[in-house]
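The values are calculated or read from the model by the stated rules, or taken from the named source; none is laboratory data. No experiment lies behind these values; they were computed from the predicted model shown. Note: ideal-geometry Cβ built from the backbone for every residue, glycine included; neighbour counts use all protein chains shown.
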Amino acid sequence: MKRRALCGTSFAGVAVLCSVMAAGCGGGSDLPALTVTIPATAAEDGGDVTGTVSVAVAPASDLTVGLASDNTDRATVPAQVILPSSGTSVDFTITIVNNGDVVGDELVTITATAGSYEHGYDSMTVTEDDVATITVVIPQATINEGSTLPGTVMVNVAPSTDLEVTLTTTDDTLLAVVSPVMILAGEISAAISITATENGTVDGDVDVDVVPDAVGYVPVSDTITVIDND
Ligand SMILES: [Ca+2]
Ligand SMILES: [Ca+2]
Ligand SMILES: [Ca+2]
């Protein structure tokens with residue numbers, strides 16, 4: 001995708017942009033233009049990508065080009081690059097920010113400016129790689145038959161309305177869990193309670209998973225070992 005700023009239009013936003021260009025706008029003069037070319041998309045976890053700023057005719061002397069990103073939470077660029085008088089383009093690195101937040105795909109616009117040039121810009125979509133998860137956390141590694149322990153169920157994205165969480169275990173004859181529990185709107189966790197059922201059978205020590213389920217969240221279970229007392 002390539003775009004150039006249009007000067008002399010009646011749109012208020014564009015007029016403000018053009019006013020920054022001093023002599024470049026309003027008089028109808030045909031200043032040489034900077035052209036920015038960047039990939040249309042970049043994956044949040046895909047590493048850095050390369051952009052290019054170019055001009056139609058090589059500058060008379062090395063040209064300092066200022067660069068800016070309008071969404072530095074997603075992508076950053078060097079403050080400036082030098083377009084050498086020996087050429088018509090220069091590459092620059094776009095650093096893609098890989099975070100753990102779940103915000104969805106977002107648009108980033110990279111703008112290039114230089115004195116006596118019409119500025120140029122191009123936009124890209126940085127695609128989200130993180131997902132909303134719901135995770136069971138049981139602090140202890142073991143639970144004795146006949147006893148009860150507290151735990152927590154946590155989300156990495158707070159729900160906008162109360163979230164019902166269903167909990168199950170992979171062996172409900174040995175380990176019971178109170179279900180459902182609610183994570184309240186705006187909160188990220190709720191307490192849970194697990195009980196190792198007392199019985200008279202020789203079961204041995206058994207690993208049991210506690211598995212969460214909530215609409216819109218990827219489940220992450222936890223494992224605890226039930227210690228037999230028979
Ligand atoms: Ca990420
Ligand atoms: Ca993310
Ligand atoms: Ca037993």
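Assorted remarks:
- Only one of Val157, Val165 that is within 16 Å of ligand 2 (Cβ to nearest atom), under 28 Å from the mean Cα position of the chain (by Cα) and among the hydrophobic types (A, V, I, L, M, F, W, C): Val157
- For segment 129-151, residues that are buried (at least 16 other Cβ atoms within 10 Å of the Cβ) and within 16 Å of ligand 1 (Cβ to nearest atom) total 2.
- Cβ-Cβ under 9 Å pairs, at least 6 apart or on other chains, segment 102-119 side at pLDDT below 95, far side among the aromatic types (Phe, Trp, Tyr) and in a loop (DSSP other than H, G, I, E, B): none
- Residues (polar (S, T, N, Q) and within 16 Å of ligand 2 (Cβ to nearest atom)) located in segment 94-136: Thr95, Asn98, Asn99, Thr125, Thr127, Thr133
- Which listed residue, of Val36, Val57, is part of a strand (DSSP E or B), over 15 Å from the mean Cα position of the chain (by Cα), more than 16 Å from ligand 1 (Cβ to nearest atom) and farther than 30 Å from Asn156 by Cβ: Val36
- Among residues of segment 91-106, those that are more than 13 Å from Pro39 (Cβ to Cβ) and either surrounded by 21 or more Cβ atoms within 10 Å (Cβ to Cβ) or not hydroxyl-bearing (Ser, Thr, Tyr) (or both), counted: 10
- Highlighted here would be strands (runs of 3 or more DSSP E) found entirely within segment 175-230 that include at least 3 residues which are over 18 Å from Thr142 (Cα atoms), without any contact (Cβ under 8 Å) to a residue 24 or more places away in the chain and touching a His at 6+ places or on another chain (Cβ under 9 Å), but there are none.
- Selection within segment 202-229 - modelled with pLDDT under 95 and exposed (fewer than 14 other Cβ atoms within 10 Å of the Cβ): Gly216
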